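Q: Before anything else, here's the structure in question.
The values are calculated or read from the model by the stated rules, or taken from the named source; none is laboratory data. Fair warning: this is a prediction, and the values are worked out from it, not measured in the lab. Positions of Cβ are backbone-derived with ideal geometry, glycine not excepted, and every protein chain shown enters the neighbour counts.
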């Protein structure tokens, strides 16, 4: 299936939010970032101000010189965040696969959703009009098979534009562009390339893979791919882990069962805390033991019911420990692993519902306290010497 | 040992012992069947140490004695023999010879000395009518957990009272509860017993051949349960542990009830479940406005929906279930009308036959989060 990746970029986001609260700013040169006599840089500039050469990251003083009549605003971070969340909420109504890359731009994966929404262009129009209707802000959207091309496309489409790059037309879109338009190609690379006579993306592609590799090493390989419009469609917002593990190496090898069990209890506590932070449940529990001769054994047990509770995990870990350790061999390292991760089981329980719910609430409360005061602020008595 | 038996007499008994014999046992003798010829019958025994079966069939004993033979091969041979008298005798070095008409087999045996001694039913505590007992098992056994670390869920609870017999099984997500009013002789107290799933499955086979008037003698010693039906005795290791408090989960105020035609709801669920999520097997039930809607959706495949007309016009109920759990009950019950009783979308749903005649039968299922 061909990937369908949107890059949605809010137009002059900070300035547009300011205009919502102060409509008289519309059409004026507006610069957000601070007052002109302050030290600091431009966070955002309206399209009017940009006509004078003002751009973000420019010192405020320079901006003032270029565009003396501009309205300078200090900026309201909380409002921007609020509107960013609103926009994200709308994105998520369309697809669950949304990666917010910054406060005002996101990648959306619409791969395989044609039957749900129709062609990419029509869903892009709906997305843009819903954002406008619900936030009063305008957004530009680039569509292609890769994140890189979509990002370039949304930039070309601005303001309030939609640009769909048809599959296999990536190179012809990118070719005439300045190399600096490629995401990830900064001033330094641009200068180096200019010295080589490379001005446009087409020039870059013409250099060929081998020369770029020779000149820039791995970065050259990456540049070559960028020039071809080849880039990932992979969404790394998938921060859901495949497994979670925690290990501990003893300061001195030990054969003291109490110390080993206590350490395991601490490791379980850490691992379960991370598991719950992802709102996940584990089905497989693994114990890792390394002895003084560096022999490593791992033993795993599968649960019928996935769990996220310290107690249930620790019971299994200790069972595995007693099955795989003679309490004599000195242990150098212990580890606990959780895998077979998934979201909350949907099937309800007939028995012990209350005690399960109570335990869940208890651990959630402990997690909250840890979130505020640090992991070691609260711990179960089992992990204390 | 030397004896002659009729093919069908011994075939039926040998067939009954097969379920007990462990296919992947590490102790070789447990793959064998013990034949013990005494008087005018031959007794057959098989065990996997958890469960044992003893049965017998009439035989002409020429020379009393005992031997064990590989159970699977022995059954296969008997089954293929012509319908005639079979002569079985031991030769030297534990060889066993089987002759029937013009066919002749020689198979390796093992001496009986290494075969475990199966406990005997010394005193029957109570006689349970066989047919009703079979119904009780058929209507609960499916709810027993197949794998569960808390192993008291691996069996069903048999509750014998002077005037009733009850069987309860659960896997923690659903519970089947069935009770029959029946005078039990001679019982003047309450008897609680946990029976392992494998023993129940074997009992099903034993009881399948029972007649209307047959009774099962039930007894126990410290470690074993005994069930005897005529010439057949089943011995099971006892399950120890606490069966969950099932009384507490039997719903009392599931007032949103709808009566459905068993065949209608069964085919609807079977159809809709074709597009249920592969992993969770969840389907939705929406009960409102004189309709019961069963629906499913599968992210990879699509969605399905079926509507049944009902007489229900109460508060709407929107609830999710594992479709297999519902089908298990609908398949087990024989009644043509089934009642679904709900409280709300969070609480356990109850299913039962709409009219109660022979049994009081209840099936409790926890919903799935939608």
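Q: Would you point out the residue of segment A:27-49, among those that are surrounded by fewer than 17 Cβ atoms within 10 Å (Cβ to Cβ) and modelled with pLDDT of 85 or more, that is farthest from residue A:108 (Cα to Cα)? Walk me through how you get there before you give the answer.
A: The first filter runs over segment A:27-49 and keeps only residues surrounded by fewer than 17 Cβ atoms within 10 Å (Cβ to Cβ), leaving A:27-28, A:35, A:37-41, A:47.
Still in the list and also modelled with pLDDT of 85 or more: A:28, A:47.
Numbers: A:28: 32, A:47: 25 Å.
Of everything passing the filter in segment A:27-49, A:28 is farthest from residue A:108 (Cα to Cα).
Q: Ok, one more. Which members of segment B:328-366 meet the condition of being farther than 16 Å from residue B:140 by Cα, away from chain A (no Cβ under 14 Å) and in a loop (DSSP other than H, G, I, E, B)?
A: If the condition is that a residue be farther than 16 Å from residue B:140 by Cα, away from chain A (no Cβ under 14 Å) and in a loop (DSSP other than H, G, I, E, B), then B:336, B:354, B:355, B:356, B:357 are the ones that fit.
Q: Follow-up. Within segment B:215-273, which strands (runs of 3 or more DSSP E) (wholly inside it) include 3 or more residues that are within 19 Å of the chain's Cα centre (by Cα) and more than 14 Å from chain A (Cβ to nearest Cβ)?
A: Details: elements: B:215-220, B:224-229, B:232-237, B:256-261.
In segment B:215-273, the matching strands (runs of 3 or more DSSP E) lie at B:215-220, B:224-229, B:232-237.
Q: Is there a residue being within 26 Å of the chain's Cα centre (by Cα), within 23 Å of residue A:342 (Cα to Cα) and within 14 Å of chain A (Cβ to nearest Cβ) anywhere in segment B:289-298? Step through it out loud before you land on a result.
A: Residues of segment B:289-298 within 26 Å of the chain's Cα centre (by Cα): none.
No, that holds for no residue.
Q: Can you pull out every residue in segment A:347-364 that is more than 12 Å from every other protein chain (Cβ to nearest Cβ), modelled with pLDDT of 85 or more and over 26 Å from the mean Cα position of the chain (by Cα)?
A: Listed by number, the residues that qualify are A:358, A:359, A:360, A:361, A:362, A:363.
Q: Return the residues of segment A:51-73 that are in contact with a helix residue (DSSP H, G or I) (Cβ under 9 Å, 6 or more places away or on another chain) and part of a helix (DSSP H, G or I); say none if nothing qualifies.
A: Hits for segment A:51-73 are A:63, A:66.
Q: Would you check which residues across segment B:147-159 are buried (at least 20 other Cβ atoms within 10 Å of the Cβ) and either modelled with pLDDT of 95 or more or not in a helix (DSSP H, G or I) (or both) and list them?
A: Across segment B:147-159, the qualifying residues are B:155, B:156, B:157, B:158.
Q: Could you run through segment A:271-315 and say how many residues are assigned to a helix (DSSP H, G or I), surrounded by 18 or more Cβ atoms within 10 Å (Cβ to Cβ) and in contact with a strand residue (DSSP E or B) (Cβ under 7 Å, 6 or more places away or on another chain)?
A: Counting residues in segment A:271-315 that are assigned to a helix (DSSP H, G or I), surrounded by 18 or more Cβ atoms within 10 Å (Cβ to Cβ) and in contact with a strand residue (DSSP E or B) (Cβ under 7 Å, 6 or more places away or on another chain) gives 3.
Q: From the set of residues in segment A:316-332 that are without any contact (Cβ under 8 Å) to a residue 60 or more places away in the chain and crowded, with 20+ Cβ neighbours inside 10 Å, which is nearest to the other protein chains (Cβ to nearest Cβ)?
A: A:316
Q: Scan B:49, B:75, B:11 and give me the residue that is over 21 Å from residue B:97 (Cβ atoms) and in contact (Cβ under 8 Å) with a residue 60 or more places away in the chain.
A: That would be B:49, the only listed residue that is over 21 Å from residue B:97 (Cβ atoms) and in contact (Cβ under 8 Å) with a residue 60 or more places away in the chain.
Q: Please find, among B:137, B:144, B:178, the residue that is over 30 Å from residue B:80 (Cβ atoms), within 14 Å of chain A (Cβ to nearest Cβ), touching a helix residue (DSSP H, G or I) at 6+ places or on another chain (Cβ under 9 Å) and surrounded by 15 or more Cβ atoms within 10 Å (Cβ to Cβ). So that I can check it myself, show each step before the final result.
A: Details: B:137 fails: within 14 Å of chain A (Cβ to nearest Cβ); B:178 fails: within 14 Å of chain A (Cβ to nearest Cβ).
None of the others qualify; the one that does is B:144.
Q: To continue, here is another question. Report, by residue number, each residue of segment A:1-17 that is buried (at least 22 other Cβ atoms within 10 Å of the Cβ) and in contact (Cβ under 8 Å) with a residue 60 or more places away in the chain.
A: A:4, A:5, A:6, A:7, A:8, A:9, A:10, A:12, A:13, A:14, A:16, A:17
Q: Going through A:101, A:179 one at a time, which residue ends up being at pLDDT below 85, surrounded by fewer than 18 Cβ atoms within 10 Å (Cβ to Cβ), in contact with a strand residue (DSSP E or B) (Cβ under 9 Å, 6 or more places away or on another chain) and more than 29 Å from residue B:302 (Cβ to Cβ)?
A: When all the criteria are applied, what remains is A:101.
Q: I'm trying to understand the selection: among the residues of segment A:20-38, which are touching a residue at least 12 places away in the same chain (Cβ under 8 Å) and farther than 16 Å from residue A:68 by Cα?
A: A:20, A:21
Q: Could you say which residue among B:99, B:32, B:94, B:25 is modelled with pLDDT of 95 or more and either farther than 26 Å from residue B:206 by Cα or within 28 Å of the chain's Cα centre (by Cα) (or both)?
A: Details: B:32 fails: modelled with pLDDT of 95 or more; B:94 fails: modelled with pLDDT of 95 or more; B:25 fails: modelled with pLDDT of 95 or more.
Result of the check over B:99, B:32, B:94, B:25: B:99.
Q: Right, another one. Those residues that are closer than 20 Å to residue B:224 by Cα and part of a strand (DSSP E or B), I need them from segment B:44-59; list them, please. Don't jump to the end; show me each part of the working.
A: Let us first name the residues in segment B:44-59 that are closer than 20 Å to residue B:224 by Cα, namely B:44-55.
Scanning segment B:44-59 gives B:44, B:45, B:46, B:47, B:51, B:52, B:53, B:54, B:55.
Q: Any idea which of A:48, A:19 is touching a helix residue (DSSP H, G or I) at 6+ places or on another chain (Cβ under 8 Å) and part of a helix (DSSP H, G or I)?
A: The conditions single out A:19.
Q: Quick one: which of A:335, A:340 is at positive phi, surrounded by 15 or more Cβ atoms within 10 Å (Cβ to Cβ) and in contact (Cβ under 8 Å) with a residue 40 or more places away in the chain?
A: That would be A:340, the only listed residue that is at positive phi, surrounded by 15 or more Cβ atoms within 10 Å (Cβ to Cβ) and in contact (Cβ under 8 Å) with a residue 40 or more places away in the chain.
Q: Cβ contacts < 9 Å: first residue without any contact (Cβ under 8 Å) to a residue 24 or more places away in the chain, restricted to segment A:107-125; second residue assigned to a helix (DSSP H, G or I), any location; separation 6+ or different chain. Result?
A: A:116/A:123; A:117/A:94; A:117/A:123; A:117/A:126
Q: Give the residues of segment A:341-378 that are more than 21 Å from residue A:285 (Cα to Cα) and in a loop (DSSP other than H, G, I, E, B), sorted by residue number.
A: Matches in segment A:341-378: A:348, A:349, A:350, A:351, A:352, A:374, A:378.
Q: What pairs come up if the first residue lies in segment A:286-304 and is on the phi > 0 side of the Ramachandran plot, the second is assigned to a strand (DSSP E or B), and their beta carbons are under 9 Å apart, counting only those six or more places apart or on different chains?
A: A:294/A:332
Q: Would you confirm, using the coordinates I've provided, whether residue B:153 is within 14 Å of another protein chain (Cβ to nearest Cβ) and farther than 20 Å from residue B:53 by Cβ?
A: Yes: the conditions hold for residue B:153.
Q: Tell me, please, whether a residue that is outside any helix (DSSP H, G or I) and surrounded by 13 or more Cβ atoms within 10 Å (Cβ to Cβ) can be found in segment A:79-91. Spell out the reasoning first.
A: Taking segment A:79-91 as the starting set, the residues that turn out to be outside any helix (DSSP H, G or I) are none.
Checking segment A:79-91: not a single residue is outside any helix (DSSP H, G or I) and surrounded by 13 or more Cβ atoms within 10 Å (Cβ to Cβ).
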